[in-house]
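Right, one structure below, let's go through it.
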């Protein structure tokens, strides 16, 4: 039996980066991790049939930027930006979240 290696963990730092880029102190780490999970679940639930390949979450000291990599941005944004409010989830989590 050969050794089984996770392909994402194997490529981290070589030709692929992390999906979340942030640093937290010990007391905030759990909250940020749960918040990241909620963000990804919300995007997966509300952005369907648009070919989302990657969700990148970057945090600064007081802001959170969410970048959605998709093959069909028109389905995510909608006609003339009408559906951008459904993707914006600032009302779901802590007030430090801003969608970009």
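Rule-based calculations on the coordinates, nothing more; no lab input. Just so it is clear, the structure is predicted and the values come from calculations on it, not from any experiment. Here the Cβ positions follow ideal geometry from the backbone for every residue, glycine too, while neighbour counts run over all protein chains shown.
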Over segment 18-87: Rg over Rh, Cα atoms, Kirkwood Rh
1.02
Mind sorting 59, 11 by how few other Cβ atoms lie within 10 Å of their own Cβ, fewest first?
11, 59
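If you stretched the chain out fully between residue 61 and residue 85, how much longer would it get, using 0.36 nm times the residue separation minus the C-alpha to C-alpha distance? Could you put the intermediate results ahead of the total?
Details: separation 24, 0.36 × 24 = 8.64 nm, distance 2.44 nm.
That pair, residue 61 and residue 85, stretches by 6.2 nm at full extension.
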